[in-house]
Amino acid sequence: MTDTALTFRRNTATRMHIHAHLQACEGRFIPPLGSRVDIDAYARKIADHAASFEAWDGKHLVGLVAAYMNDRAARCGHVTNVSIASAQEGRGVASLLMGMCLEAAKESGMSAMTIEVSVDNPRSLDLCRRFGFGEPIRNGGNVLLRLPL
């Protein structure tokens, strides 16, 4: 990867891009992603059913926020993934992608978004709090947060 400016896109990553990115970030998830899901199946589910908000360094997917915004009855979407390559950490990439996601959720008619985060992941919890996610519901080692839009 290079030191060039990142490009930001929406819904362009293929299953293979998503899989490679998730695999590269696997150990950065708390707990590790592979301990919770089959990464290939998860990448396929994101590619097939989620809106993706992407940061690219050339041909490399280096940041991904993915969300399901298809519950038209409840008008509540769910952020299923926030992952940033280690080289991009601390540069505001997650904040920019989350902002893109929440704006798209509003535009698509969602009235709220949820996200589930490990209680052992202070960086993710901080990101969610900065965007106003609240109303925590404890679910084992995770907390489900909700953001009215």
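Taking GLU103 and the conditions (1) of a type outside the set (Phe, Trp, Tyr); (2) surrounded by 14 or more Cβ atoms within 10 Å (Cβ to Cβ); (3) not in a loop (DSSP other than H, G, I, E, B), which numbered condition does it fall short on, given that it satisfies the others?
Unmet condition: (2).
Each row is one residue, and each column tells you yes or no for (1) in contact with a Leu (Cβ under 6 Å, 6 or more places away or on another chain); (2) without any contact (Cβ under 8 Å) to a residue 40 or more places away in the chain.
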position	(1), (2)
PHE8	no, no
HIS19	no, yes
ARG36	no, yes
ILE39	yes, yes
ILE46	no, yes
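Restricting attention to segment 55-76, which residues are of a type in the set (A, V, I, L, M, F, W, C) and under 18 Å from the mean Cα position of the chain (by Cα)?
Across segment 55-76, the qualifying residues are ALA55, TRP56, LEU61, VAL62, LEU64, VAL65, ALA66, ALA67, MET69, CYS76.
So which residues in segment 107-135 are over 18 Å from THR80 (Cβ atoms) and outside any loop (DSSP other than H, G, I, E, B)?
Answer for segment 107-135, where residues must be over 18 Å from THR80 (Cβ atoms) and outside any loop (DSSP other than H, G, I, E, B): GLU107, PRO122, ASP126, ARG129, ARG130, GLY134, GLU135.
Go over the candidates GLU107, GLU54 one by one and state the one that is without any contact (Cβ under 8 Å) to a residue 24 or more places away in the chain and closer than 24 Å to THR12 by Cβ. Spell out the reasoning first.
Details: GLU54 fails: without any contact (Cβ under 8 Å) to a residue 24 or more places away in the chain.
Going through GLU107, GLU54 in turn, just one is without any contact (Cβ under 8 Å) to a residue 24 or more places away in the chain and closer than 24 Å to THR12 by Cβ: GLU107.
No value in this document is a laboratory result; all are computed from the given coordinates. Being a predicted model, the structure only gives us computed values, none of them experimental. Methodologically, a virtual Cβ is constructed for each residue, glycine included, from the backbone with ideal geometry; neighbour enumeration extends over all protein chains shown.
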